[in-house]
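Below: one structure, written as structure tokens.
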Amino acid sequence: MLFFKRFYAILKARNLEFFRDRASLGWSIVFPVLLLVGFAIVFSGDGKDMYKVGVLNTPDKEATFLQTKYIEFVDYQDTELALGKIRQHKLDLLVDYRLGLYWINDTSPNGYMAERLLLSEQNDIAKKEWVKQTVTGKQIRYIDWVLPGILGMNMMFSCLFGVGYVIVRYRKSMVLKRLNATPVSAFEFLTAQIVSRLFIVMCLSSVIFIGCDLIFDFYMLGSYFDLFIIAILGAMSLISLGLIIAARSQSEELTGGLLNMASWPMMIFSGVWFSLEGSPEFIQQMAYWLPLTHLVEGARSIMTEGANLYDLREHILVMLVMTGVFLGLGTLMFRWDGDGR
């Protein structure tokens, strides 16, 4: 009972401290919204310089259509994967030379033009007329694709700096030293800090997502519950990482540098702004060990591909392991004073 009283007192104090800081609260909400509005304006067009056509069963013979200029041809082995890209307007046309079939999204203007170009050429490979197949799907805008990255980045900064920087500030201002003289244990203090930050991050992220969704009508194929679970797991892994960085340091300057050193690689290599598909293998391997990668990829898969928690079991397992390891190390390393006590 005493544990919960002390835990609740610290939790309440930290929440009030944050929500009373209106400048920090306002910036945490306004910054990601401004980014989304900026991307919506800059990428308001389709952003494509050429047609993009998927090819199944690429012919051994030279096909006239495949020599057409200003069309990017992409080979696919998985028909379902390619059809998913047709539904989302990531491909304008999908052609199977062995079967003499082609697929088109009936809502794609670029698909219509690519179809005209295909039909203007003889199907010398299949030795028969092309057979048309139609699919339907809503186009994924760049803003739909980048949303999980922007929200994930905002959560990353809030988790890392909201735990790491605050604990160091408490240590430097002797708040931790005074708490050490009370019955509050390190476990109670750290648990309250983690729960407080998780509550703040999830509240702010939910408000931003709901508000922007009303404006932009984001593409959403999966479950909002699954998305919420992935966000919680991602936030926990990031909060735990911030705890390690702040476990002993007394210097706000050093801690700020360490937090930036942890956050910038995630901004670049975790798929926030662009996909790592096709990048060198060692880059993808490095990204795999960054917690933000699994948060962003999991959220993006739920929103744009309709994935469920079972489909994302690898991402979930990695985030759980990272959270456990980071929390364990952070708790063992934590000291009330920077001199090791």
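The values are calculated or read from the model by the stated rules, or taken from the named source; none is laboratory data. Predicted model, so just to flag it, every value in this text is computed and none were measured. Every residue, glycine as well, gets a Cβ built from its backbone with ideal geometry; the counts of neighbours run over all protein chains shown. Ligands, DNA and RNA are excluded from the accessible area calculation, which covers all protein heavy atoms including side chains. Shrake-Rupley method; radii C 1.70, N 1.55, O 1.52, S 1.80 Å.
Quick notes on this one:
- All of (1) in a helix (DSSP H, G or I); (2) open to solvent by less than 40 Å² (accessible area, probe 1.4 Å); (3) not aromatic (F, W, Y) hold for E80 with one exception: (2).
- Qualifying positions in the stretch 278-318 - of a type outside the set (D, E), over 17 Å from M267 (Cα atoms) and either touching a residue at least 60 places away in the same chain (Cβ under 8 Å) or surrounded by 13 or more Cβ atoms within 10 Å (Cβ to Cβ) (or both): S301, I302, M303, T304, G306, A307, N308, L309, L312, H315, I316, V318
- Flag if D60 is farther than 21 Å from N110 by Cβ and at pLDDT below 80: yes
- Flag if L93 is at pLDDT 80 or above and buried (at least 19 other Cβ atoms within 10 Å of the Cβ): yes
- Filter pass, V272 being among the aliphatic types (A, V, I, L, M), buried (at least 18 other Cβ atoms within 10 Å of the Cβ) and at pLDDT below 90: yes
- Scope the stretch 237-248; condition farther than 19 Å from N154 by Cα and open to solvent by 20 Å² or more (accessible area, probe 1.4 Å); matching residues: I244, R248
- Assessment of the stretch 318-331 against the conditions (more than 23 Å from Q193 (Cα to Cα) and not β-branched (V, I, T)) yields no matching residue.
Let's see how each residue does on (1) at pLDDT below 85; (2) assigned to a helix (DSSP H, G or I); (3) open to solvent by less than 60 Å² (accessible area, probe 1.4 Å):
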{"site": "G26", "(1), (2), (3)": "yes, yes, yes"}
{"site": "L34", "(1), (2), (3)": "yes, yes, no"}
{"site": "I41", "(1), (2), (3)": "yes, yes, no"}
{"site": "K85", "(1), (2), (3)": "yes, yes, yes"}
{"site": "W103", "(1), (2), (3)": "no, no, yes"}
{"site": "L117", "(1), (2), (3)": "yes, yes, no"}
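- Conditions (1) open to solvent by 30 Å² or more (accessible area, probe 1.4 Å); (2) at pLDDT 85 or above: number failed by V201: (1)
- A search for C-beta distances below 6 Å between a residue of the stretch 79-106 that is more than 20 Å from F65 (Cα to Cα) and any residue that is at pLDDT 85 or above and assigned to a loop (DSSP other than H, G, I, E, B), counting only pairs 6+ apart in sequence or on different chains, returns K85/L91.
- G111 meets each of the listed conditions (1) within 30 Å of I208 (Cα to Cα); (2) small (G, A, S); (3) part of a helix (DSSP H, G or I) apart from (1).
- Residue check for G234: buried (at least 21 other Cβ atoms within 10 Å of the Cβ) and at positive phi: no
- Hits in the stretch 97-119 - residues which are touching a Gly at 6+ places or on another chain (Cβ under 9 Å) and either of a type in the set (K, R) or farther than 26 Å from W145 by Cα (or both): none
- With respect to (1) under 29 Å from the mean Cα position of the chain (by Cα); (2) open to solvent by 30 Å² or more (accessible area, probe 1.4 Å), the lone exception for E62 is condition (1).
- Only listed residue being touching a residue at least 60 places away in the same chain (Cβ under 8 Å), among the β-branched types (V, I, T) and over 21 Å from W27 (Cβ atoms), chosen from I229, I208: I229
- The listed residue being hydroxyl-bearing (S, T, Y) and at pLDDT 85 or above, out of T107, T134: T134
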